[in-house]
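See below for the structure under consideration.
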Amino acid sequence: MFSSFSNFGNVDLTFWITFVISAVALIGIVAFTLYCLVAYRRKKHPQPANIHGNVALETTWTVATTIIVMIIFVLGWQGFQEMRSAPKNAFVVKVTAAMWQWSFEYKNGITLDHVLVVPENKPIKLLMKSKDVIHSFYLPAFRVKEDVLKSMTTHLWFQTQKPTMKLEDFQKVHQQSYTNYWDKVDDYDGYYVLCAEYCGNNHSFMRARVVVLSQEDFEQWYNSSPKTKPSKPKIPPKVQAVFNKGGCLACHSLDGSPKIGPTFKGIWGRKSKVKTGNQIREITVDAKYIQRSIEKPQADVVVGLESIQMPKTSLNQKDIQILIEFFKTLK
Amino acid sequence: MSQATAQNIPLSFYEEKSAYPGIFAWIFSTDHKRIGLLYMFTILSFFLFGMSMGFLIRLEKMFPGGQFFQPATYNALFTIHGVVMIFLFVIPGIPAVFGNFILPIQLGAEDVAFPRLNLLSWWLLVIGALVIFLSLFTGSKLPDTGWTFYAPYNTITTANIPMAVFGAFLVGFSSILTGLNFITTVHRLRAKGMTFFRMPLFAWSIYATAWIQILATPVVGITLLLVIAERFLGVGVFNPSKSGDPLMYQHLFWIYSHPAVYIMVLPAMGIVSDIIPTFCKKPIFGYKAIAFSSMSIAFIGYLVWGHHMFTSGMADLARVVFSFLTFFVAVPTAIKIFNWTATLYKGSIELRAPMLFALSFIFLFSIGGLTGVMLGTLNLDLHLHDTSFVVAHFHYTIFGGFGFALFGGIHYWFPKMFGKMYNETRAKWAWLLLFIGFNMTYFPLFLAGLEGMPRRYYDYLPKFAPYHFWSTIGSWIMISGILFMFGNLLHGLLRGEKADDNPWGGSTLEWQVPSPPPLVNFTTPPVVNKDPYDFSDILKKRNSSPTPQDQEDKGGQ
């Protein structure tokens, strides 16, 4: 397995133990088969022996197999117990999954989308709930995974080790758009969260990152961050209805925070680079551009977001007009 | 041809006159052999369709980022691939084809116990398949839930899921009727002298499978009724928005679908248990152990469905219990693998085409089984669950297991079914392509899964790119092998040389009737007075009057 940052060394250990047992068994079977194919081929061995079985041998391998699999079971069970019992002093974060984003809520009210900030050397316990379908919180670097449901709260825990970033770097990166964020995902020691339970169109884009800060950095961030999301704009009911119809807010934020697509904040009049066919051109977002983007999502694609496909929606002319008027107010 | 020989060789079931003309002589036939072949051509067409979907999935995933399809199309592709492969190809699978064609002859019977029900099962499969295909075009989009139809996603997607599940239900009904037929056939229609322990192991495996078909399949029917009640009557069963429990859906789904994997693989083990003794000319090692392990796999298979739910939010204690029970499936499976391998010892081995498939079955299924042990291990599964490791694992067991055994069975019984022979050299080349391509396609997915590549991903992180690239190249090799194999078989069917009644020197009853068999299988009812894998007569005959093949082998000695 790839480099681990997990406190759950038992997972990798169990893997290597079962791997070695499996490899020995498989090599034994293949070697014996090849030997027989050569030694007892018909040309060389025309008269087969009349063997029906061997009780002693059969009993031996039955008992041996039973013992080996029971050992593996116990290894798995022990490791599992550890992975399911979070220490009492664990730092608790609430996780909300929705199509298709991860949000993290702290005890003091901070809420973050797509990024989980945690202190170094600390057990972290996640209490997770879904807003819609089943998702699965998967943090490969820590070997943990648990489904996230609407009907109940599920939990998992892991122990952080060294910091992965300095606070200033984190603040810099966190301001950037979602895309630049993922370009460097491999640089951040593979501390990424993936959704492991199929949840619809953008299942494979439902990612988040875990950022581990040093104790001081974390305290500074924890105590200085705004308690709620910055200036949540008021959404008039008829605009909200259009958002619900199109499902826009799953991928676009209103407050500038990074999501899958570009944020709506300040979108009116924004200059951005888009790819039209194979040509890159600069556009200014106006009514015409917004209309075209909604009706033909693939016609112009914002540079850097080529790998993400905006789905077609069922919004009509009236809906689009409502959105355009609303965007004008989103400074 | 003299009158005497003409009398000795009755008309084959192909030549026998039917009450119906043309194609109706097939689709209204109650003859188990015709129904077996109907099934074979039906499910192989579904296989080729499902394979094309698989090809497109691999093509899309060759490089990271979108290549050819939108995410919604990709999601529909893996859903249709899974539904068609599982419900229309693998579950009817070997019992429907060889259980029908071969089982009655192996038992010395004239037909299955209920020939009309048997025809009805085929019709149910076809109607179920039509309903499933219809569901593709009747929703506002293609089904995109994956073949597991998990709740509550199945209630919020706008695809026509109830109809697809209804199709799966009809197919399940076909499966129940087939199981009923085979259990009765095995109990009531064995030839004189054929005790249970003189039955070939293929018959044993079909018998064990039939019990699962009868007892597990109704659960999927219950699940369907609940899905319909939820969708159309507004009863909250699985959808948490209506106070339903999505875990309940998973339980019900896997109570059926886990035993279903043994419906897939037990008959495959049966075919291998028949092929290996024939090409070793020696009784199978530990006959009773293999027969009993088939039965115990069928039994324990009911109690382990929860191992699909180790990360589902199910109670921790339940996860431990299911893991414990799961390990007991490993024991009878390992016993079978050891017994097959031990049968080779001091045999007189001919590495013919069916034998190649049987031996590669052992290899691939062992890999599938051993990785299954890893997935049954609780702590490991928390990491590996729902990753491409699982995808690789079940393709090794179902394709490497079921698929290779089915292809092996087709090569083994081809001369019996059609009275003709395919080109064996080409069959071996096709096997080689298939075997190499198979491993190249699926092995990289184990590695990607270990690194944390989730399954059902349209796009993936750049670090997984090399695995997907090689897997896609492998899929091309594998598909060339499959097409080459079918081409060769088709050529054998149309242009092949006439096959002997017993070309491989098999000891079971189907090799004692003409190739292809007459409509009434046995002119005189057979009497069985020896074990199924007793080759003494065949060896005696081989020594006293060697065939040209035997001469050639001796010359090389």
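The values are calculated or read from the model by the stated rules, or taken from the named source; none is laboratory data. If you're wondering where the values come from, they're calculated on a predicted model, not measured in any experiment. All Cβ positions, even for glycine, are placed from backbone atoms using ideal geometry, and neighbour counts span all protein chains on display.
Of the residues B:PHE338, B:PHE322, B:PHE361, which single one is farther than 24 Å from B:HIS251 by Cα and more than 8 Å from chain A (Cβ to nearest Cβ)?
Only one candidate qualifies: B:PHE361.
Kindly provide the set of residues from segment B:224-248 that are more than 10 Å from chain A (Cβ to nearest Cβ) and of a type in the set (Phe, Trp, Tyr), ordered by number.
Result: B:PHE232, single match.
Criterion first (among the basic types (Lys, Arg), more than 7 Å from chain B (Cβ to nearest Cβ), outside any helix (DSSP H, G or I) and without any contact (Cβ under 8 Å) to a residue 24 or more places away in the chain) does A:LYS94 satisfy it?
Spelling it out, it is not the case that A:LYS94 is among the basic types (Lys, Arg), more than 7 Å from chain B (Cβ to nearest Cβ), outside any helix (DSSP H, G or I) and without any contact (Cβ under 8 Å) to a residue 24 or more places away in the chain.
Select from segment A:22-43 the residues that are over 29 Å from B:ASP537 (Cα atoms) and either more than 8 Å from every other protein chain (Cβ to nearest Cβ) or at pLDDT below 90 (or both) and write down the one among them that is farthest from the chain's Cα centre (by Cα).
Of everything passing the filter in segment A:22-43, A:ALA31 is farthest from the chain's Cα centre (by Cα).
Restricting to segment A:44-67, give me the number of residues that are outside any helix (DSSP H, G or I), facing chain B (nearest Cβ under 7 Å) and either farther than 21 Å from B:SER536 by Cβ or within 53 Å of the chain's Cα centre (by Cα) (or both).
1
From B:PHE404, B:PHE418, B:PHE389, grab the single residue that is within 19 Å of the chain's Cα centre (by Cα) and not charged (D, E, K, R).
Only one candidate qualifies: B:PHE404.
Of the residues in segment B:63-86, how many are more than 19 Å from B:PHE137 (Cα to Cα) and out of contact with any Phe, Trp or Tyr (no Cβ under 6 Å at 6 or more places or on another chain)?
5
Spot the failing condition for B:PHE166; the list is (1) out of contact with any strand residue (DSSP E or B) (no Cβ under 6 Å at 6 or more places or on another chain); (2) over 30 Å from A:LYS131 (Cβ atoms); (3) modelled with pLDDT of 85 or more, and only one is missed.
With respect to (1) out of contact with any strand residue (DSSP E or B) (no Cβ under 6 Å at 6 or more places or on another chain); (2) over 30 Å from A:LYS131 (Cβ atoms); (3) modelled with pLDDT of 85 or more, B:PHE166 is out only on (2).
For the list (1) away from chain A (no Cβ under 14 Å); (2) free of Cβ contacts under 8 Å to residues at least 24 places away in the same chain; (3) hydroxyl-bearing (Ser, Thr, Tyr), I need the number of the one condition that B:SER140 fails.
(1)
Given the options A:PRO119, A:PRO46, name the one that is without any contact (Cβ under 8 Å) to a residue 24 or more places away in the chain, surrounded by 15 or more Cβ atoms within 10 Å (Cβ to Cβ) and over 30 Å from B:PRO332 (Cα atoms).
Unique residue meeting the criteria: A:PRO46.
Could you pull out every one of the helices (runs of 4 or more DSSP H) wholly within segment B:374-489 that has 3 or more residues that are surrounded by 20 or more Cβ atoms within 10 Å (Cβ to Cβ) and of a type in the set (Phe, Trp, Tyr)?
Helices (runs of 4 or more DSSP H) meeting the threshold: B:404-418, B:424-450.
Kindly provide the set of residues from segment B:12-66 that are among the polar types (S, T, N, Q) and either part of a helix (DSSP H, G or I) or within 14 Å of chain A (Cβ to nearest Cβ) (or both), ordered by number.
Scanning segment B:12-66 gives B:THR42, B:SER45, B:SER52.
Can you tell me how many residues within segment B:443-477 are within 11 Å of another protein chain (Cβ to nearest Cβ) and under 19 Å from B:LEU380 (Cβ atoms)?
The total comes to 10.
Taking segment B:296-311 as the region of interest, how many residues are out of contact with any Lys or Arg (no Cβ under 9 Å at 6 or more places or on another chain), within 12 Å of chain A (Cβ to nearest Cβ) and closer than 25 Å to A:LEU149 by Cβ?
1
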